[in-house]
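Data block below; observations after.
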Amino acid sequence: MALAGTTLEIENLTAGYDRAAVVRDLSLTVAAGEVVALLGANGAGKTTTLRAISGLIKPMAGTIRLNGADLAGVSATARVRRGIVHVPHDRGIFFGLTVAEHFHLDGVPQADEQAAGYEHFPLLYELRHRRAGLLSGGEQQMLALARALVRQPKLLLLDELSLGLAPIIVERLLPVVRDFAGRTATAVLLVEQHVHLALEIADRGYVLSHGELVAADSAARLGEDSALLATSYLGEQ
Ligand code: ATP
(Lines give C-alpha, C1' and ligand atoms only; values in the text may rest on other atoms or scores of the structure.)
Protein backbone atom coordinates (compact mmCIF):
# COMPACT_ATOMS: atom_id res chain seq x y z
CA MET A 1 0.00 0.00 0.00
CA ALA A 2 1.40 3.40 -1.00
CA LEU A 3 1.98 5.85 1.86
CA ALA A 4 0.72 9.42 1.36
CA GLY A 5 3.52 12.04 1.12
CA THR A 6 6.17 9.39 0.59
CA THR A 7 8.31 9.97 -2.49
CA LEU A 8 10.17 6.65 -2.39
CA GLU A 9 8.73 3.51 -0.94
CA ILE A 10 10.57 0.20 -1.16
CA GLU A 11 8.91 -2.97 0.04
CA ASN A 12 10.70 -6.29 0.47
CA LEU A 13 13.30 -5.60 -2.22
CA THR A 14 15.62 -8.42 -3.19
CA ALA A 15 18.21 -7.50 -5.82
CA GLY A 16 21.61 -8.63 -7.07
CA TYR A 17 23.50 -9.94 -10.04
CA ASP A 18 23.23 -13.16 -12.04
CA ARG A 19 20.53 -14.53 -9.77
CA ALA A 20 22.74 -14.06 -6.66
CA ALA A 21 20.87 -11.82 -4.23
CA VAL A 22 23.04 -9.06 -2.76
CA VAL A 23 20.21 -7.18 -0.99
CA ARG A 24 17.47 -9.21 0.65
CA ASP A 25 14.00 -8.24 1.77
CA LEU A 26 14.78 -4.55 2.20
CA SER A 27 11.99 -2.11 3.01
CA LEU A 28 12.58 1.62 3.34
CA THR A 29 10.92 4.96 2.69
CA VAL A 30 12.05 8.49 1.91
CA ALA A 31 9.54 11.33 2.22
CA ALA A 32 9.57 14.58 0.23
CA GLY A 33 12.14 16.95 1.72
CA GLU A 34 13.73 14.20 3.79
CA VAL A 35 17.40 13.21 3.75
CA VAL A 36 17.86 9.53 4.52
CA ALA A 37 21.28 7.89 4.93
CA LEU A 38 21.85 4.31 3.74
CA LEU A 39 24.80 2.99 5.70
CA GLY A 40 26.83 -0.20 5.88
CA ALA A 41 30.26 -1.70 5.26
CA ASN A 42 31.82 -2.13 1.82
CA GLY A 43 29.86 -4.77 -0.04
CA ALA A 44 26.78 -4.45 2.18
CA GLY A 45 24.58 -3.77 -0.84
CA LYS A 46 24.14 0.01 -0.77
CA THR A 47 25.10 0.66 -4.40
CA THR A 48 23.02 -2.32 -5.51
CA THR A 49 19.99 -0.77 -3.78
CA LEU A 50 20.52 2.55 -5.58
CA ARG A 51 20.92 0.73 -8.91
CA ALA A 52 17.63 -1.08 -8.40
CA ILE A 53 15.87 2.22 -7.64
CA SER A 54 17.24 3.98 -10.72
CA GLY A 55 16.44 0.98 -12.92
CA LEU A 56 20.01 -0.05 -13.76
CA ILE A 57 19.29 -3.53 -12.44
CA LYS A 58 15.98 -5.38 -12.27
CA PRO A 59 14.86 -6.46 -8.80
CA MET A 60 14.39 -10.19 -8.18
CA ALA A 61 11.49 -9.47 -5.85
CA GLY A 62 9.76 -6.61 -4.10
CA THR A 63 8.20 -3.30 -5.03
CA ILE A 64 9.68 0.16 -5.62
CA ARG A 65 7.24 3.07 -5.81
CA LEU A 66 7.84 6.70 -6.71
CA ASN A 67 5.06 8.99 -5.50
CA GLY A 68 2.81 5.96 -5.20
CA ALA A 69 3.46 4.63 -8.72
CA ASP A 70 5.02 1.19 -9.06
CA LEU A 71 8.25 1.39 -11.09
CA ALA A 72 8.24 -2.26 -12.20
CA GLY A 73 8.76 -2.31 -15.96
CA VAL A 74 9.69 1.42 -16.11
CA SER A 75 13.04 1.84 -17.91
CA ALA A 76 15.99 3.71 -16.37
CA THR A 77 15.49 6.51 -18.92
CA ALA A 78 11.81 6.83 -18.10
CA ARG A 79 12.71 6.93 -14.38
CA VAL A 80 14.98 9.91 -15.10
CA ARG A 81 12.03 11.63 -16.78
CA ARG A 82 9.94 10.92 -13.69
CA GLY A 83 12.48 12.77 -11.57
CA ILE A 84 14.95 10.17 -10.29
CA VAL A 85 18.50 11.55 -10.48
CA HIS A 86 21.33 9.19 -9.56
CA VAL A 87 24.87 10.47 -8.92
CA PRO A 88 27.07 7.34 -9.08
CA HIS A 89 30.37 7.16 -7.24
CA ASP A 90 32.36 7.73 -10.42
CA ARG A 91 30.49 11.08 -10.58
CA GLY A 92 29.51 10.75 -14.24
CA ILE A 93 31.46 13.76 -15.49
CA PHE A 94 33.46 14.16 -18.70
CA PHE A 95 37.12 15.05 -18.21
CA GLY A 96 37.44 16.66 -21.66
CA LEU A 97 34.51 19.05 -21.19
CA THR A 98 34.61 22.34 -19.32
CA VAL A 99 32.38 23.10 -16.35
CA ALA A 100 30.18 25.36 -18.50
CA GLU A 101 29.89 22.69 -21.20
CA HIS A 102 28.55 20.26 -18.60
CA PHE A 103 25.77 22.68 -17.66
CA HIS A 104 25.15 23.28 -21.35
CA LEU A 105 24.53 19.52 -21.73
CA ASP A 106 21.92 19.92 -19.00
CA GLY A 107 20.27 22.82 -20.86
CA VAL A 108 21.66 25.69 -18.73
CA PRO A 109 22.87 28.73 -20.74
CA GLN A 110 26.69 28.80 -20.62
CA ALA A 111 27.21 32.37 -19.49
CA ASP A 112 24.46 32.69 -16.95
CA GLU A 113 26.01 33.42 -13.57
CA GLN A 114 22.63 33.22 -11.89
CA ALA A 115 21.88 29.80 -13.38
CA ALA A 116 20.96 27.20 -10.83
CA GLY A 117 24.14 25.21 -11.37
CA TYR A 118 26.35 28.03 -10.17
CA GLU A 119 23.99 29.27 -7.49
CA HIS A 120 24.76 26.27 -5.25
CA PHE A 121 28.53 26.50 -5.76
CA PRO A 122 29.72 29.99 -6.83
CA LEU A 123 33.27 28.62 -7.16
CA LEU A 124 32.12 26.68 -10.22
CA TYR A 125 31.36 29.96 -11.97
CA GLU A 126 34.98 31.03 -11.46
CA LEU A 127 36.06 27.69 -12.90
CA ARG A 128 33.52 27.60 -15.73
CA HIS A 129 36.10 27.50 -18.54
CA ARG A 130 38.25 24.81 -16.91
CA ARG A 131 38.13 21.24 -18.16
CA ALA A 132 36.67 18.85 -15.62
CA GLY A 133 39.80 16.67 -15.79
CA LEU A 134 41.82 19.58 -14.36
CA LEU A 135 39.51 20.17 -11.40
CA SER A 136 40.36 18.86 -7.93
CA GLY A 137 38.35 15.91 -6.61
CA GLY A 138 36.25 18.25 -4.48
CA GLU A 139 35.55 20.56 -7.43
CA GLN A 140 34.58 17.57 -9.60
CA GLN A 141 32.18 16.43 -6.92
CA MET A 142 30.72 19.96 -6.70
CA LEU A 143 30.14 19.79 -10.45
CA ALA A 144 28.48 16.36 -10.23
CA LEU A 145 26.25 17.57 -7.42
CA ALA A 146 25.42 20.88 -9.09
CA ARG A 147 24.43 19.06 -12.31
CA ALA A 148 22.13 16.80 -10.31
CA LEU A 149 20.46 19.74 -8.55
CA VAL A 150 19.95 21.63 -11.82
CA ARG A 151 17.76 18.79 -13.00
CA GLN A 152 15.30 19.51 -10.17
CA PRO A 153 14.97 15.91 -9.04
CA LYS A 154 12.04 14.55 -7.09
CA LEU A 155 14.31 11.81 -5.77
CA LEU A 156 18.06 12.31 -5.55
CA LEU A 157 20.27 9.22 -5.10
CA LEU A 158 23.80 10.07 -4.00
CA ASP A 159 26.40 7.30 -3.96
CA GLU A 160 29.47 8.07 -1.84
CA LEU A 161 29.66 11.78 -2.47
CA SER A 162 32.75 11.74 -0.27
CA LEU A 163 34.74 9.12 -2.18
CA GLY A 164 38.39 10.22 -2.30
CA LEU A 165 37.65 13.58 -0.66
CA ALA A 166 38.97 15.06 2.58
CA PRO A 167 36.33 15.23 5.34
CA ILE A 168 36.56 19.04 5.32
CA ILE A 169 35.33 19.07 1.70
CA VAL A 170 32.53 16.64 2.53
CA GLU A 171 31.54 18.95 5.38
CA ARG A 172 30.99 21.71 2.80
CA LEU A 173 29.05 19.57 0.32
CA LEU A 174 26.60 17.79 2.60
CA PRO A 175 24.91 20.93 4.00
CA VAL A 176 24.17 22.01 0.41
CA VAL A 177 22.28 18.74 -0.01
CA ARG A 178 20.41 19.28 3.27
CA ASP A 179 19.47 22.83 2.33
CA PHE A 180 18.38 21.82 -1.18
CA ALA A 181 16.15 19.00 0.11
CA GLY A 182 14.44 21.33 2.57
CA ARG A 183 13.87 24.16 0.09
CA THR A 184 12.69 22.06 -2.84
CA ALA A 185 10.98 19.13 -1.06
CA THR A 186 13.33 16.74 -2.86
CA ALA A 187 13.65 13.30 -1.29
CA VAL A 188 17.33 12.37 -0.86
CA LEU A 189 18.77 8.89 -0.33
CA LEU A 190 22.42 9.22 0.58
CA VAL A 191 24.97 6.39 0.61
CA GLU A 192 27.93 7.62 2.59
CA GLN A 193 31.11 6.29 4.16
CA HIS A 194 31.61 9.26 6.45
CA VAL A 195 28.86 7.96 8.68
CA HIS A 196 28.95 10.68 11.30
CA LEU A 197 28.97 13.48 8.74
CA ALA A 198 26.05 11.85 6.93
CA LEU A 199 24.06 11.44 10.14
CA GLU A 200 24.63 15.12 10.98
CA ILE A 201 22.58 16.19 7.98
CA ALA A 202 20.23 13.19 7.64
CA ASP A 203 16.79 12.92 9.20
CA ARG A 204 16.85 9.15 9.38
CA GLY A 205 19.12 6.27 8.51
CA TYR A 206 19.05 2.61 7.60
CA VAL A 207 21.98 0.27 8.25
CA LEU A 208 22.64 -2.69 5.96
CA SER A 209 24.89 -5.58 6.86
CA HIS A 210 25.55 -8.35 4.34
CA GLY A 211 22.53 -7.23 2.34
CA GLU A 212 20.08 -7.22 5.24
CA LEU A 213 18.63 -4.39 7.23
CA VAL A 214 20.01 -4.40 10.78
CA ALA A 215 18.79 -0.99 11.97
CA ALA A 216 16.41 1.80 10.98
CA ASP A 217 16.09 4.85 13.19
CA SER A 218 16.35 8.62 13.44
CA ALA A 219 19.79 9.96 12.54
CA ALA A 220 20.19 11.24 16.09
CA ARG A 221 19.59 7.83 17.65
CA LEU A 222 21.75 6.00 15.10
CA GLY A 223 24.54 8.49 15.77
CA GLU A 224 24.42 7.63 19.46
CA ASP A 225 24.60 3.90 18.73
CA SER A 226 28.27 3.80 17.86
CA ALA A 227 28.51 0.11 18.82
CA LEU A 228 25.93 -0.84 16.20
CA LEU A 229 27.59 1.29 13.53
CA ALA A 230 31.06 -0.03 14.31
CA THR A 231 29.81 -3.62 14.17
CA SER A 232 28.06 -3.03 10.86
CA TYR A 233 31.13 -1.39 9.40
CA LEU A 234 33.38 -4.20 10.46
CA GLY A 235 30.88 -6.52 8.79
CA GLU A 236 30.69 -8.74 11.84
CA GLN A 237 26.94 -9.17 11.98
P1 ATP B 1 30.74 -0.41 -1.71
O2 ATP B 1 30.83 0.72 -0.78
O3 ATP B 1 31.96 -1.29 -1.68
O4 ATP B 1 30.29 -0.06 -3.11
P5 ATP B 1 28.09 -1.42 -1.32
O6 ATP B 1 27.41 -1.57 -0.02
O7 ATP B 1 27.67 -0.30 -2.19
O8 ATP B 1 29.63 -1.36 -1.06
P9 ATP B 1 27.51 -3.10 -3.53
O10 ATP B 1 28.33 -2.30 -4.49
O11 ATP B 1 26.05 -3.01 -3.61
O12 ATP B 1 27.95 -2.80 -2.05
O13 ATP B 1 28.01 -4.60 -3.68
C14 ATP B 1 27.47 -5.67 -2.93
C15 ATP B 1 27.98 -6.97 -3.48
O16 ATP B 1 27.58 -7.11 -4.83
C17 ATP B 1 29.49 -7.12 -3.45
O18 ATP B 1 29.78 -8.41 -2.97
C19 ATP B 1 29.90 -6.98 -4.89
O20 ATP B 1 31.01 -7.78 -5.16
C21 ATP B 1 28.68 -7.47 -5.64
N22 ATP B 1 28.58 -6.79 -6.93
C23 ATP B 1 28.54 -5.45 -7.12
N24 ATP B 1 28.41 -5.15 -8.43
C25 ATP B 1 28.36 -6.33 -9.09
C26 ATP B 1 28.23 -6.72 -10.47
N27 ATP B 1 28.13 -5.80 -11.44
N28 ATP B 1 28.22 -8.03 -10.75
C29 ATP B 1 28.32 -8.97 -9.78
N30 ATP B 1 28.45 -8.68 -8.46
C31 ATP B 1 28.46 -7.40 -8.12
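The values are calculated or read from the model by the stated rules, or taken from the named source; none is laboratory data. The structure displayed is predicted, hence computed values, not measured ones. In this analysis, Cβ positions are derived from the backbone assuming ideal geometry, glycine residues included, and neighbour counts consider all displayed protein chains. Accessible surface is based on the protein model in full, side chains and every heavy atom, while ligands, DNA and RNA are left aside. Shrake-Rupley method; radii C 1.70, N 1.55, O 1.52, S 1.80 Å.
Points to keep in mind about this one:
- Thr98 vs. criteria open to solvent by less than 80 Å² (accessible area, probe 1.4 Å) and within 13 Å of the ligand (Cβ to nearest atom): no
- For first residues located in region 17-35 and without any contact (Cβ under 8 Å) to a residue 40 or more places away in the chain, partners that are polar (S, T, N, Q) and lie 6+ apart or on another chain with Cβ distances below 8 Å form the pairs Thr29/Thr6.
- Residue check, Lys58 closer than 20 Å to Leu155 by Cβ and open to solvent by 40 Å² or more (accessible area, probe 1.4 Å): yes
- The listed residue being crowded, with 19+ Cβ neighbours inside 10 Å and farther than 22 Å from Ala44 by Cα, out of Ala198, Ala148, Ala166, Ala202: Ala148
- Within region 32-72, being over 13 Å from Thr14 (Cα atoms), more than 8 Å from the ligand (Cβ to nearest atom) and touching a helix residue (DSSP H, G or I) at 6+ places or on another chain (Cβ under 8 Å) holds for Gly33, Glu34, Val35, Ala37, Leu38, Leu39, Ser54, Gly55, Leu56, Leu66, Leu71.
- Of the strands (runs of 3 or more DSSP E) lying entirely inside region 1-108, those carrying at least 2 residues that are of a type outside the set (A, V, I, L, M) are 6-17, 20-31, 61-66.
- When Val214, Val188, Val176 are screened for being open to solvent by less than 10 Å² (accessible area, probe 1.4 Å) and not in a loop (DSSP other than H, G, I, E, B), only Val188 passes.
- Test: Leu149 is more than 15 Å from the ligand (Cβ to nearest atom), in contact with a Phe, Trp or Tyr (Cβ under 6 Å, 6 or more places away or on another chain) and not in a strand (DSSP E or B): yes
- Sole exception among (1) more than 16 Å from the ligand (Cβ to nearest atom); (2) touching a residue at least 12 places away in the same chain (Cβ under 8 Å) for Asp159, by number: (1)
- Residue that is surrounded by the most Cβ atoms within 10 Å (Cβ to Cβ), among those in region 42-55 that are touching a Leu at 6+ places or on another chain (Cβ under 7 Å) and farther than 15 Å from Ile84 by Cα: Lys46
- Subset of region 153-173 (residues that are part of a loop (DSSP other than H, G, I, E, B) and of a type in the set (Asp, Glu)): Glu160
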